[in-house]
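Okay, structure first, notes after.
Values quoted throughout were computed directly from the atomic coordinates according to the rules given, and no laboratory measurement underlies them. All of these numbers come straight from a predicted model, not from anything done at the bench. Positions of Cβ are generated from backbone atoms using ideal geometry, with glycine treated the same way; all protein chains shown enter the neighbour counts.
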Amino acid sequence: MSKDERDKVERLLDDALASYSRQEPRPGLERRVLDRIHTGASPGIAFPRWAWAIPAAACLLWAGILWTRHVATPHRPQVRQVAVTREIAPPRAETPRIVNHVHKRKALPKQPQFPASAPLTNEERALLAFVTHAPKEAQEALIDAQQHSAEPIRIEKIEIQPLK
Amino acid sequence: MARREEAAAREARFAALVERHSRFVYRVAYAVVRNPHDSEDVVQEAFLKLYRTGAWEGMRDEKAFLARTAWRIAVDRLPKARNQSLDQPLSPDLQSDDSQSPEDAVVTADWSAAVHRLIDALPEELRQPLALAAVEELNSREIAQVMGIAEGTVRTRIMRARQILKHKLVGLEDRYEQR
């Protein structure tokens, strides 16, 4: 390559590269930059670098609370019953066993009398009050009526007259 | 009252910073993205970032800091295909994305366009230091700071880029004379 050629190539290169430094933005760039800054940002919203630690600590705290609750909860007897049922029941080959996790209703306490005594009706209550507070004659009449009711019922012979 | 005055003074200082350096930042951005619209976006984003983080108040070397901020934003905007590394081989003709090849430009005697296309077709690792060196305000040391590489590497890459371009230009000239 001759010196002229070299100079020409250098000149071409320098001219092309100089265009990078000649680049000018549209007029009013500074104004547009400042406008965007004032409309799109405030310096107060920048978060510090340690800001991520706050949600992380909250998550850890929540996980700790959940774990503590889980540990504190006693085992329910129903769970044990289900486990026993599983062991005793013969395994089914085809269909997988579906364990019913619905909590059984708590059994009611055993009553001393069966059927359990129902509350008194209005009539029974009135009778009780009468018996408690009634005069002696009334009580005797009642006892008499009860004795009579205990006797066998006698039915008089009915005589049927033939039709004329 | 004092707090309001302080805020106003701070705003004025930032406005002065924008006034002083926005054109320089624009040229740095242009050296990377080579597009006026994207370059302006880079300038706005760079200043907005500095304002939000408050980093501009602690700057020692304003130019270097701003150039590095703008360069990072601009590089992030480059299409991935463009941002090829030196490990990848150069295409035989150093063709750029434009429809007109350097040879076509030479045929139409548009040497300037041909050189631009050759520059655009360089790998980014060679093209960026070369283009940043063309931005008058930046020397090798500052380019090294901007790109986060050694000053010697900057010089080597600029030299290598120029050698490749000269070699390609001579080849184009020879082909043009043969026609």
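What the table below lists for this structure:
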quantity	calculated
Stretch gain in nm, segment residue A:107-residue A:134, where the contour uses 0.36 nm per residue and the Cα spacing is subtracted	5.4 nm
Hz values of 3J(HN,Hα) by residue in segment B:48-58 - Karplus curve (6.51, -1.76, 1.60), Gly and Pro given as x	4, 5, 5, 5, 5, 7, x, 5, 5, 6, x
Candidate lysines for bridging to residue B:63, where Cα separation is under 18 Å - those fewer than 8 sequence places away on the same chain excluded	B:49
Alpha-carbon centroid distance for the pair segment A:3-28 / segment A:134-158, whole angstrom	137
Fewest-first sequence of A:123, B:173, A:10 by Cβ atoms within 10 Å of each Cβ	A:123, A:10, B:173
Cα-projected label distance for residue B:170 with residue A:124, points at 7 Å along beta-carbon direction, nm	12.5
Neighbour-count order for B:47, A:114, B:14, fewest beta carbons within 10 angstrom listed first	A:114, B:14, B:47
Scattering curve values for segment B:1-78, log₁₀ I(q)/I(0), Debye with Cα scatterers, q = 0.17, 0.21, 0.23, 0.25 Å⁻¹	-0.62, -0.87, -1.00, -1.13
Rounded to whole Hz, the Karplus (6.51, -1.76, 1.60) HN-Hα couplings of segment B:70-79, x for glycine and proline	5, 4, 4, 5, 5, 5, 4, 7, 5, x
Cβ-based exposure ranking for B:156, A:68, B:69, in which fewest neighbours within 10 Å come first	A:68, B:156, B:69
